[in-house]
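The values are calculated or read from the model by the stated rules, or taken from the named source; none is laboratory data. It should be emphasised that the depicted structure is a prediction, and the values quoted were computed from it without experimental measurement. With ideal geometry, Cβ positions are generated from the backbone for all residues, glycine too; neighbour counts draw on all protein chains shown.
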Amino acid sequence: MKHLIFACLAAIALLAACKTTTDTANPAADDLWANRDTTISPGDDFFMHANGGWIKNNPIPASESGWGIGHLVNEELYRRKLAINEKSVKENAAPGTVSRKIANFWKAAMDTVRINKVGVAALQADMNQIDAAQTPLDLVALAGELARKGTGSLFGYYITQDDKNATKMVFRLYQGGINMPNRDYYFDTDSKTIAVRTAYKDYLLQSLRRLGMNEATAAATATEVYALETRLAQASRKLADLRDPYKNYNKMAIGDLQKQTPALEWAKWLQKANMKGVDTVIVGQPEFFAALNKELMSTPLPVWKAYLKFCHLSDNARYLDDATYMESFTYTKAITGVAEPRPRWKRALDSEEGAMGEVLGQLFVKEYFPETAKKRYSDMVETVRDAYKKRIEALTWMSDSTKAFALDKLAKMKKKVGYPDKWKDFSALQITDTSYVANMQAAAAWWSDYNANKLGKPVDLDEWEMTPQTYNAYYNPSLNEIVMPAGIFAVPGKRDEEIDDAWAYGNVAASTIGHEITHGFDDQGRQYDAAGNLKNWWTKQDEAEFSKRAQGIIRQFNEFVPVDTLHVNGEATQGENIADLGGMLLGLDAFKQTETYKQGKAINGLTALQRFFLGWAFAWMNQIRPEQLATRLKTDVHAPAKERVNGPVVNIPDWYEAFGVKQGAKMYRPDSLRVSIW
Ligand SMILES: [Zn+2]
């Protein structure tokens, strides 16, 4: 939500060759057929009926917090990225070339001998500067300098389009400063949260020791740093309270903010962070900044210094020696349930992705995303758009004036498929083969400067917020666009033409394209107009009708209890659940226009309609550790995978028809309880 884009881990099919004729010679190679658990009736638990066979046969690896279709695709993407890096090292291209940057990065990140020898001394110059701070104002200035190097502390910030004037880029401030995933971790009393808290306190203490504090000082300081973070958490808004774009939009002159927060010298912070020309700021949560200001004046400087050093160490731990990294990993284990770290080569690829993924992406699409694939999915967007147009026109609860705006917005929605038309220019980024942490800090500074450079300039309409090799997609309301990187279409070991239409429409058209498009019209997206401005275009009555219908889906999802006594947060996940229900309907409408559907031929005994719904379930084929599931229920605006399958289908008559689900089945919902929005 940081950039207010709706990123949605959607998925794609992996499958065997299936012609649209009849049964294949080898149904076991048809994943939709083979992954089922036929001992479970579709009407009792559709998710487990569709995916139970695969789940039984594919336990979660020790290094992962969950395992499913997304991981299979990501494994494939890892293999492809590794091949590109190794090829670049072999090439030994001229300095400054894309290939040489990749090669240098790879060599430095994989040089564990050097990394272990240097240890935390790699950060010593920064730590000395923190030690030398004389006043809280010095500390705030240093926080600005470290922010440019990628270390988060004190508060969150970013440069983005102004919600109320989509042509302008603005500086936004957000609550932050805490090191656990969100404010609830400091207060909730369920056993999983308590375990995370305990692990975090241990990690804090160990880190202060590692930074050279003696035992007694480290223990006392860790307690005080934790108390400081708890007070910041107390002043932070809850997840559901961050959804309202108006309440989290407080525009003011930087001079006025300065008056309200005298302990934060904004001019100095901005100068150190290399951000020029900031005269106006949008403050997300003013009460948080008031609390931070108070803390800067009242909390002793040594506590603040220890806090900042810890933030810096913690944010760089992944690029440091094994012992430092393992302390950080031990803490995150309590959050994710993962027993062991991923292998180093995968962690290095993850870092490379964040540092300069678009550099890698240029080499990736050359190898793996042909023009034919780009055309297939571009065309699919248009069939789904057409299906949505017809649905909006037919809505009985929406007024004609709101419909006119909606249709205009839909027609103007831009699509980006595969990879950018114009690549970012990384030539100023210096990557050496000698220091992993220095490369990561250089990349953080490149990104910070890149974003700062947008201030006061027109919005770049061609920019992508994800790299081409990303397995994900998003809708960005400020640009009214859907963006689908090449990675979302990647199929391990398979060619695109091997995917039958029912499957492709269940996966791509419904779970990705339809889902993303409806985000432009849901509880958040509908507050932006066709040009991307935060401007309401709904009548009061239509709003009330939409909210009434949304209440139905909130109630439906609140009923789910995925682990222990923890419920799905129906309110916080409503946008995603509405998008899932809408996406499924749009994908289905679009599928009904295809020859495959019209011919009505079964494949391996599965009808076209059954394959469409199984294709959707396949998109969410996933299992997850209970610790990670508990974490996700608190932090993720998406419902868990199982509920994303079983939640929407029960609202759709075609699903009942496809699988012959009748009253008495566990999932059966009477007409009166079925949710209908789009
Ligand atoms: Zn979404």
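Tell me, yes or no, whether the range 74-86 has at least one residue that is modelled with pLDDT under 95, touching a Pro at 6+ places or on another chain (Cβ under 6 Å) and either closer than 20 Å to Lys346 by Cα or of a type in the set (Asp, Glu) (or both).
Yes.
Looking at the range 564-593 only, could you name the residues that are of a type in the set (A, V, I, L, M, F, W, C) and over 11 Å from Ala510 (Cβ atoms)?
Leu566, Val568, Ala572, Ile578
Exactly one of (1) surrounded by 14 or more Cβ atoms within 10 Å (Cβ to Cβ); (2) in contact (Cβ under 8 Å) with a residue 24 or more places away in the chain is unmet by Lys422. Its number?
Lys422 satisfies every listed condition except (1).
Could you look through the range 175-222, keep only residues that are part of a helix (DSSP H, G or I) and among the aromatic types (Phe, Trp, Tyr), and pick out the one that is nearest to the chain's Cα centre (by Cα)?
Tyr185
In the set Ala141, Ala125, which member is modelled with pLDDT of 95 or more, of a type in the set (A, V, I, L, M) and surrounded by fewer than 16 Cβ atoms within 10 Å (Cβ to Cβ)?
Values: Ala141 fails: surrounded by fewer than 16 Cβ atoms within 10 Å (Cβ to Cβ).
After ruling out the rest, the residue left standing is Ala125.
Could you list, in sequence order, all residues of the range 296-319 that are more than 30 Å from Leu455 (Cα to Cα) and surrounded by fewer than 22 Cβ atoms within 10 Å (Cβ to Cβ)?
Met297, Ser298, Thr299, Pro300, Leu301, Pro302, Val303, Lys305, Arg318
Go through the range 475-523 and count every residue that is in contact with a strand residue (DSSP E or B) (Cβ under 6 Å, 6 or more places away or on another chain), away from the ligand (no atom under 12 Å from the Cβ) and of a type in the set (Asp, Glu).
Of the residues in the range 475-523, 1 are in contact with a strand residue (DSSP E or B) (Cβ under 6 Å, 6 or more places away or on another chain), away from the ligand (no atom under 12 Å from the Cβ) and of a type in the set (Asp, Glu).
Note down all Cβ pairs under 7 Å where the first residue falls in the range 519-530 and is more than 11 Å from Tyr475 (Cα to Cα), the second is among the hydroxyl-bearing types (Ser, Thr, Tyr), and they're at least six residues apart or on different chains.
Tyr528/Ser478
Inside the range 32-57, can you point out the residues that are under 30 Å from Pro343 (Cβ atoms) and in contact (Cβ under 8 Å) with a residue 60 or more places away in the chain?
Asn35, Asn51, Trp54, Ile55
For the range 111-133, give me each residue that is touching a residue at least 12 places away in the same chain (Cβ under 8 Å) and in a loop (DSSP other than H, G, I, E, B).
Asp111, Ala133
Yes or no: Lys276 within 30 Å of the chain's Cα centre (by Cα), over 29 Å from Val637 (Cβ atoms) and either part of a helix (DSSP H, G or I) or assigned by TED's automatic domain parsing to the domain that holds Asn165 (or both)?
yes
So which of Tyr203, Tyr185, Tyr158 is surrounded by fewer than 18 Cβ atoms within 10 Å (Cβ to Cβ) and either farther than 21 Å from Trp447 by Cβ or out of contact with any Asp or Glu (no Cβ under 7 Å at 6 or more places or on another chain) (or both)? Working first, answer last.
On the way: Tyr203 fails: surrounded by fewer than 18 Cβ atoms within 10 Å (Cβ to Cβ); Tyr185 fails: surrounded by fewer than 18 Cβ atoms within 10 Å (Cβ to Cβ).
Going through Tyr203, Tyr185, Tyr158 in turn, just one is surrounded by fewer than 18 Cβ atoms within 10 Å (Cβ to Cβ) and either farther than 21 Å from Trp447 by Cβ or out of contact with any Asp or Glu (no Cβ under 7 Å at 6 or more places or on another chain) (or both): Tyr158.
Search the range 163-189 for residues that are within 14 Å of Thr635 (Cα to Cα) and modelled with pLDDT of 95 or more and pair each with any residue that is in a loop (DSSP other than H, G, I, E, B) and hydroxyl-bearing (Ser, Thr, Tyr) when their beta-carbon atoms are under 8 Å apart and the residues are at least 6 apart or on different chains.
Arg183/Ser236
For every residue, the table says whether it meets (1) assigned to a loop (DSSP other than H, G, I, E, B); (2) free of Cβ contacts under 8 Å to residues at least 40 places away in the same chain.
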| site | (1), (2) |
| --- | --- |
| Asp462 | yes, no |
| Glu465 | yes, no |
| Thr470 | yes, no |
| Tyr475 | no, no |
| Ile482 | no, no |
| Ile488 | no, no |
| Glu497 | no, yes |
| Trp503 | no, no |
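Tell me which residues, restricted to the range 639-656, are touching a helix residue (DSSP H, G or I) at 6+ places or on another chain (Cβ under 7 Å) and either under 14 Å from Phe46 (Cα atoms) or surrounded by fewer than 22 Cβ atoms within 10 Å (Cβ to Cβ) (or both).
Passing the criteria: Lys642, Glu643, Arg644, Val645, Asn646, Gly647, Pro648, Val649, Asn651, Ile652, Asp654, Trp655.
When you scan the range 400-418, do you find a residue that is out of contact with any Cys (no Cβ under 7 Å at 6 or more places or on another chain), of a type in the set (Phe, Trp, Tyr) and not in a helix (DSSP H, G or I), even just one?
Kept after step one, since they are out of contact with any Cys (no Cβ under 7 Å at 6 or more places or on another chain), are these residues of the range 400-418: 400-418.
Add one more test, that the residue is of a type in the set (Phe, Trp, Tyr), and what stays is 405.
After this cut, where a residue has to be not in a helix (DSSP H, G or I) as well, the list is none.
Checked against the condition, which is being out of contact with any Cys (no Cβ under 7 Å at 6 or more places or on another chain), of a type in the set (Phe, Trp, Tyr) and not in a helix (DSSP H, G or I), the range 400-418 yields no hits at all.
Counting only residues that are within 20 Å of Pro42 (Cβ to Cβ) and not β-branched (Val, Ile, Thr), how many does the range 591-606 have?
The first filter runs over the range 591-606 and keeps only residues within 20 Å of Pro42 (Cβ to Cβ), leaving 591, 597, 600, 602-606.
From what's left, not β-branched (Val, Ile, Thr): 591, 597, 600, 602, 604-606.
Total satisfying the criteria: 7.
Sort through Glu393, Glu367, Glu371, Glu358 and tell me the only one that's under 26 Å from the mean Cα position of the chain (by Cα), surrounded by fewer than 19 Cβ atoms within 10 Å (Cβ to Cβ) and of a type in the set (Asp, Glu).
So the residue among Glu393, Glu367, Glu371, Glu358 that is under 26 Å from the mean Cα position of the chain (by Cα), surrounded by fewer than 19 Cβ atoms within 10 Å (Cβ to Cβ) and of a type in the set (Asp, Glu) is Glu367.
Condition first: surrounded by 18 or more Cβ atoms within 10 Å (Cβ to Cβ) and either among the small types (Gly, Ala, Ser) or within 15 Å of the ligand (Cβ to nearest atom) (or both). Now tell me which residues in the range 535-551 satisfy that. Quick ask: steps written out before the conclusion?
Narrowing the range 535-551 to residues surrounded by 18 or more Cβ atoms within 10 Å (Cβ to Cβ): 537-538, 542, 545-546, 550.
Residue satisfying the conditions is Ala550 alone.
Within the range 524-534, can one find any residue that is more than 16 Å from the ligand (Cβ to nearest atom), more than 22 Å from the chain's Cα centre (by Cα) and part of a helix (DSSP H, G or I)?
no
When the range 397-445 is examined, which residues are found to be within 26 Å of Tyr474 (Cα to Cα) and of a type in the set (D, E, K, R)?
Those that are within 26 Å of Tyr474 (Cα to Cα) and of a type in the set (D, E, K, R): Lys403, Asp408, Lys409, Lys412, Lys414, Lys415, Lys416, Asp421, Lys422, Lys424, Asp425.
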